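A short write-up of the structure that comes next.
The values are calculated or read from the model by the stated rules, or taken from the named source; none is laboratory data. What you see is a predicted model; the values in this text were computed from it and never measured. When we count neighbours, we look across all protein chains shown, and the Cβ atoms used for this are built from the backbone with ideal geometry, even at glycine. Just so you know, the surface numbers come from the protein's heavy atoms only, side chains and all, with ligands and any DNA or RNA stripped out. Shrake-Rupley method; radii C 1.70, N 1.55, O 1.52, S 1.80 Å.
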Amino acid sequence: MIATATSRDTRPADGELRHDWTRAEILALFAQPFNDLMFAAQQTHRAHFDPNAVQISTLLSIKTGACPEDCAYCPQSAHYKTELNIERLLPLEDVLNEARAAKARGASRFCMGAAWRSPRDKDLEQVAAMIGGVKALGLETCVTLGMLTEPQTARLKDAGLDYYNHNLDTSPEFYGEVITTRTYQDRLDTLKHVRDAGINVCAGGIVGMGESREDRAGLLQELANLPKHPESVPINLLVRVEGTPLAEVTAPDPFDFVRTLAVARLMMPKSYVRLSAGRTDISDELQALCFLAGANSIFYGERLLTTENPECDRDRKLFDRLGLTPV
Ligand code: SAM
Ligand code: DTB
Ligand code: SF4
């Protein structure tokens, strides 16, 4: 169980969280000896969270493929030829059946993703019904639908949405190497609309696209220097999908991936840091290091959006072996 305010609340007040990180300070955190970094991250983690509790989210792709954006990592972009079953927006009942199954498996949050540049207002009405239905099952809701206008965020808030996922993906400098069809500022604008509407923010990025340590620091700097830290920070390890421009990129040093999680934990001490996509490509031992670095959320369920995630059975065994409690 997450520690309650009465039993063990040592979290800093919001005012004590930092939003003025410099690139040099962040690079200094990255550059520490691995053991020092892990120790500091675990100390920070323990000051703010139950160290043995991991939040469980389950993902569902509610509209798949044929996306007009050109994100170089993404199997759902219409710009690349990948093996993908393109699907229109799923019917409400199908979504609710998946949500029921996720809840039965122990998920506390249900995240619905759509391959849109931005939703049309009539799509949004259908998504609003999904949010209402999933909430009625007793699950937290998260959606990721692309860019949103202010009225659209207000509509989602009205529907009862708990979290909106919108990633910055990488540093402002490296961004143009990965996506040309929308700007970094477009993403920041959507995050502002989500925040202003009173919806919790889920924002993170991807490691392993050929970016440098400086770029990883730049991503974390943008996230931590937002007016308020995102409540949830997904750190994805690139899933290299055949047919995408990044299919052949060299995988990063696994310790650099762990360092990114640890630095995220140090910079955003009260946020949930999610060990997101890419878990099928890493060992149980590396996942254990990710949890030690302060990651305290995962996607659970055999699919991410269109690619594979570890089997539920493997995750259950891993949690047992590590004495972790899913929440
Ligand atoms: N279309 C919406 C958008 O991009 O705003 C929402 C869905 S999109 C698939 C959500 C996020 O998934 C992306 O921002 C990216 O960070 C992550 N993602 C997509 N493909 C990935 C891959 N192959 N490996 C790791 N992360 C990926
Ligand atoms: C996030 O940061 N990672 C999730 C979720 N937000 C929507 C998506 C990962 C997608 C991996 C590639 C795929 O399955 O299509
Ligand atoms: Fe489209 Fe989102 Fe994939 Fe980019 S990441 S191509 S916006 S589905």
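The table that follows gives values for the structure above.
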| quantity | calculated |
| --- | --- |
| Whole-angstrom gap from segment 249-327 to segment 206-222, using each part's C-alpha centre | 18 |
| Unpartnered cysteines - no second Cys beta carbon under 4.7 Å - across the chain | CYS67, CYS202, CYS290, CYS312 |
| ASN97/ASP196 FRET efficiency (R0 30 Å; Cβ-Cβ; nearest 0.05) | 0.35 |
| Student exercise, the chain dipole from Lys, Arg, Asp, Glu Cβ charges, in Debye to nearest 20 | 740 |
| The chain, accessible surface, carbon-and-sulfur percent (1.4 angstrom probe) | 52 |
| Residue-wise HN-Hα coupling along segment 223-239, computed from phi with Karplus coefficients 6.51, -1.76, 1.60 (Hz; x: Gly, Pro) | 5, 6, 8, 4, x, 9, 5, x, 5, 9, 10, x, 10, 9, 8, 3, 8 |
| Distance between modelled label sites at GLU173 and GLU302, nm, 7 Å Cα→Cβ extension | 4.4 |
| Cross-link pairs beyond the 22 Å C-alpha cut-off, checked among LYS63/LYS270; LYS228/LYS270; LYS122/LYS157; LYS135/LYS317; LYS63/LYS122; LYS103/LYS192 | LYS63/LYS270; LYS135/LYS317; LYS103/LYS192 |
| Cα-centred dipole magnitude for segment 16-139, charges only on beta-carbon of K, R (+1) and D, E (-1), debye, nearest 20 | 240 |
| Share of pairwise Cα separations in the chain, more than 28 Å, in percent | 36 |
| Cα centre as origin, Lys/Arg/Asp/Glu Cβ charges: segment 82-191 dipole, Debye | 340 |
| Length released on extending from ASP158 to HIS19, taking residue separation times 0.36 nm less the Cα-Cα span | 47.1 nm |
| Sparse-neighbourhood loop sites, GluC sites (Glu not before Pro) in segment 71-156 - DSSP loop, at most 13 other Cβ within 10 angstrom | GLU83 |
| Spacing of the two label points (7 Å from each Cα toward its C-beta) at THR325 and ASN35, in nm | 3.1 |
| Residue of ALA40, ALA28, ALA66 that the Gaussian network model of the chain assigns the largest fluctuation, springs spanning Cα pairs under 10 Å | ALA28 |
| Theoretical ellipticity at 222 nm over the chain - DSSP helices of four or more residues, -39500 (n - 2.57) apiece, nearest 500 | -12000 deg cm²/dmol |
| Alpha-carbon gyration tensor eigenvalues x 5, square-rooted, for segment 172-217, Å | 23, 13, 8 |
| Estimated FRET transfer efficiency (ALA78, ASP121; beta-carbon r; R0 25 Å; 0.05) | 0.70 |
| Nearest-0.05 FRET efficiency for LEU27 and ASP70, computed from C-beta distance (R0 25 Å) | 0.25 |
| log₁₀ of I(q)/I(0) at q = 0.13, 0.16, 0.22, 0.25 Å⁻¹ - segment 114-183, Debye sum with one point per alpha carbon | -0.43, -0.61, -0.94, -1.10 |
| Accessible area per residue in Å² at 1.4 Å probe, computed on the chain | 42 |
| Among ILE26, SER171, THR144 - extreme Cα towards positive end, dipole of the chain, charges at beta-carbon | THR144 |
